[in-house]
């Protein structure tokens, strides 16, 4: 039957509506990833002025040791600049998930206004060369320059631009439980890897796991331990020379031996699982950074000692060395709107101001690499004080493996490590897998 | 003229759906095909590398493991998960005492997020303080204790086992279909002396065929997409023994190997298409085959 005129009109307008909705949905994306284009995120502040709303994506939220101070810094910034700019936290609690999300955001051109990324000579170049980061040089006034360590700032510089500012100095000592050591008759932290095995045997005989580590997620603590072993054998510059050094295979054998003294769930254990062994005093040693201090319960803090790298026989690394390098970098997305660009830069300056950097250190133990500030030792918790003391005494500092290799190696490491521990790989094949991943 | 107008009207009404299909399906698949011939980190320009990504598939041991595990998971879904759902659906459709309560109990896990379930099972399987090892100790089977998710032999079965018993979703699908079967068929078979098993075998099962076809298709496509559980429980370990296709694609993506990741994704699309065609052919109605 031929459609009536009325039905044809209804059909026509239904079709137009469907197409209109479709086209509107398709036009929703823009350069800053927000619907509506560059004016998005502009809120009305007091009176008739419009304040720009900037998104600060961070994983320093929730239970993280820096969550409180980071929120305070954001609140203080908003209080100071609220008429012109307001920063809103986009919380992404998990460290690994956060890093993966930033990589995806970089690829899709949807970076948040302000964000952080882990410094890595290989991976950081992807951010710098993308052309999507804001050059901070035009915004660096005299005060900002005065407060900043120029040597460290070099890590964020690319082709004459300053595209990111280093935040924390990543120091990752050995935390050990002095009370568990005493129970096992160990008087001091081992100074050689053979001494570490002997200490582990003594602890094992007392039913105590020596090392809290696992192969789950990115095998963080095991990776740091591996970094110490590799560097103690190959020297502090070994990781700057690629993955061909025999130290990598030799270190893999030592690491595999040390897994015999890890808890039964070590293969596949996530950070939460193996850290809980240390926090609940089932394991005596963990390699991690000062951000872990906030996780220690009060009754444990007095028992914590800080250990440094053992030496390897004939190795080029020195006993007493510590892993120390640039950790997180802070950057801003390149903006067309000058107001958004200016206040993104201002937030970075505010976040890294000596007063705020000092507060972050006092509350979380994180040392800010790029910013000049002084701290009265009496204000510092004993564990952080001991870490800084060991750092001053350290004859060498080491790099950490994940910070010197590509994302592909970071993903390969836990898979190959679990295979190594389960006797599926030889140490040589383990090192070869890492080399092959590095070439992908 | 009338036929032309009629056809034009049909085409115009189909146009939005076709445009959406092209934009959100054909174009992305076409993009996958295109980038599968490229080396691309998503930031710098693409570099044409010909068949290199496909050659890499042949040599990539992790891909072989991921493919094997993905297909095994699908087979477990088809030959374990669905039959269990069918069995429970047939029993509960008999309206046994408390059947509504059982139906809710079986369906409840499907309401819980995969994240919560994964965390729960991590603690059940944990090799140091897990519930499973504790139960084994209590019943005198200490020799069976192990690090379930960290053991090469048990990691993958343990991963599947955490999901295989959550049959509520398909159970509900089957129960809904069984409820549409004419009760007079059961009544007349009862008059003829058929027992419960005979009724289920000769009436319920044959008439459930359309629902089974749908369930098989859904479970296969679900297992192809499976990501959360392997990511949360094992992250593909130990030694890639629990790696699945979607997780392998994700790992390549976050390693800035988008060209190879897209090649893997294309393989997944092809496998999915093959599965859909295979299931449709397998469950094709006798009437269609009879012509």
Point to revise | Principal-axis tilt of helix A:247-258 within chain A, Cα atoms, nearest 10 degrees | key: 70
Practice item. Give the residues of the stretch B:237-269 whose amide nitrogen is closer than 19 Å to a point set 7 Å from the Cα of residue B:48 in the direction of its Cβ. Key: B:259-260, B:263
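Arranged by the count of other C-beta atoms within 10 angstrom, fewest first, what order do A:192, A:374 take?
Details: A:192 15, A:374 6.
Taking fewest neighbouring Cβ atoms as first place, the list is A:374, A:192.
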Practice item. Taking chain A as the reference, fit the longest principal axis to its C-alpha atoms, fit the long axis of helix A:95-108 to the helix C-alpha atoms, and give the angle between the two in degrees, 0 to 90, nearest 10. Key: 40
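Would you calculate, for chain A, the mean residue ellipticity at 222 nm contributed by helices, counting each DSSP H stretch of 4 or more residues as -39,500 (n - 2.57) and dividing by all residues, to the nearest 500? Please report the intermediate quantities before stating the final value.
On the way: 17 runs with 189 residues, N = 440.
One gets -13000 deg cm²/dmol as the mean residue ellipticity at 222 nm.
Taking 0.36 nm per residue of separation and subtracting the Cα-Cα distance, what length does fully extending residue A:257 through residue A:355 add?
Working: separation 98, 0.36 × 98 = 35.28 nm, distance 4.52 nm.
My answer for the length gained is 30.8 nm.
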Check your understanding: Given the Cα atoms of the stretch A:274-341, and with Rh set as the inverse mean 1/r over their pairs in the Kirkwood sense, what is Rg to Rh to two decimals?
Key -> 1.22
Practice item. Specify whether the C-alpha gyration tensor of the stretch A:106-250 places it in the rounded, prolate or oblate class, a ≥ b ≥ c being the square roots of the eigenvalues: rounded for a/c under 1.5, otherwise prolate if a/b is larger than b/c and oblate if not. Key: prolate
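Output the antiparallel fraction of DSSP beta bridges having both residues in the protein assembly as shown, as a percent to the nearest 5. Working shown, then result.
Details: 28 of 41 bridges.
If I count the DSSP bridges inside the protein assembly as shown, around 70 percent turn out antiparallel.
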Review point. Can you give the direction-averaged projected area of the convex hull of the alpha-carbon atoms in chain A, in nm²?
Key: 29.3
Check your understanding: Could you state the principal axis extents of the C-alpha atoms in the stretch B:61-290, from the largest down, to the nearest angstrom?
Key -> 64, 51, 28
Check your understanding: If each of residue A:194 and residue B:181 carries a label point 7 Å out from its Cα toward its Cβ, how far apart are those two points in nm?
Key -> 7.6
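If r is the Cβ-Cβ distance from residue B:33 to residue B:114 and R0 is 35 Å, what FRET efficiency results, to the nearest 0.05?
Details: r = 31 Å, r/R0 = 0.88.
With R0 = 35 Å, the Cβ-Cβ based efficiency is 0.70.
Once the piece of chain linking residue B:281 and residue B:97 is laid out straight, how much longer is it, given 0.36 nm per residue of separation minus the C-alpha distance between them?
Values: separation 184, 0.36 × 184 = 66.24 nm, distance 3.93 nm.
Between residue B:281 and residue B:97, full extension yields an extra 62.3 nm.
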**Study point:** Spin-label proximity, residue A:182 to the stretch A:300-316 - amide N less than 16 Å from point 7 Å beyond Cα toward beta carbon
**Key:** A:300-306
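What is the calculated FRET efficiency for residue B:64 to residue A:381, with r their C-beta to C-beta distance and R₀ = 56 Å, to the nearest 0.05?
Details: r = 51 Å, r/R0 = 0.91.
Efficiency, from the Cβ-Cβ distance: 0.65.
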Practice item. Taking only the C-alpha atoms, wrap a convex hull around the stretch A:284-396 and report its volume per residue in Å³ as a whole number. Key: 141
Exercise for review: In nm, give the distance between the simple-model label positions of residue B:9 and residue A:426, each being 7 Å from the Cα along the Cα-to-Cβ direction.
Suggested key: 7.8
Check your understanding: Hey, quick one: spin label on residue B:222, modelled 7 Å out along Cα-Cβ, who in the stretch B:66-83 has an amide N within reach, i.e. under 19 Å?
Key -> B:69-83
Revision key, fill the gap. The exposure ranking of B:23, B:172, A:52, fewest beta-carbon neighbours within 10 Å first, is B:23, B:172, A:52
Practice item. Quote the FRET efficiency, to the nearest 0.05, computed for residue B:104 versus residue B:75 with a Förster distance R0 of 51 Å and r equal to the Cβ-Cβ distance. Key: 0.95
Review point. Between the helical axis of A:220-234 and the dominant principal axis of chain A, each derived from Cα atoms, what acute angle in degrees is found, rounded to the nearest 10?
Key: 50
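Could you work out the helix-only [θ] at 222 nm for chain B, with each DSSP H run of four or more residues adding -39,500 (n - 2.57) and the total divided by the number of residues, to the nearest 500 deg cm²/dmol?
Values: 17 runs with 190 residues, N = 291.
Computed mean residue ellipticity for chain B: -20000 deg cm²/dmol.
Would you mind calculating the relative contact order of chain B from Cα pairs under 8 angstrom and at least 6 residues apart, reporting the percent as a whole number?
Details: 299 pairs, mean separation 84.5, N = 291.
Computed value for chain B: 29 percent relative contact order.
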Study note, to complete from the structure: Per-residue Cβ contact counts at 10 Å, fewest first, order A:187, A:406, B:189, A:364 as A:187, B:189, A:406, A:364
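Read the figures in this text as sums done on the coordinates, not as results from a lab. Just so we're clear, the structure is a prediction, and the values are computed from it rather than from any experiment. As a convention, Cβ positions derive from the backbone with ideal geometry for all residues, glycine included, and neighbour counts pool all protein chains shown.
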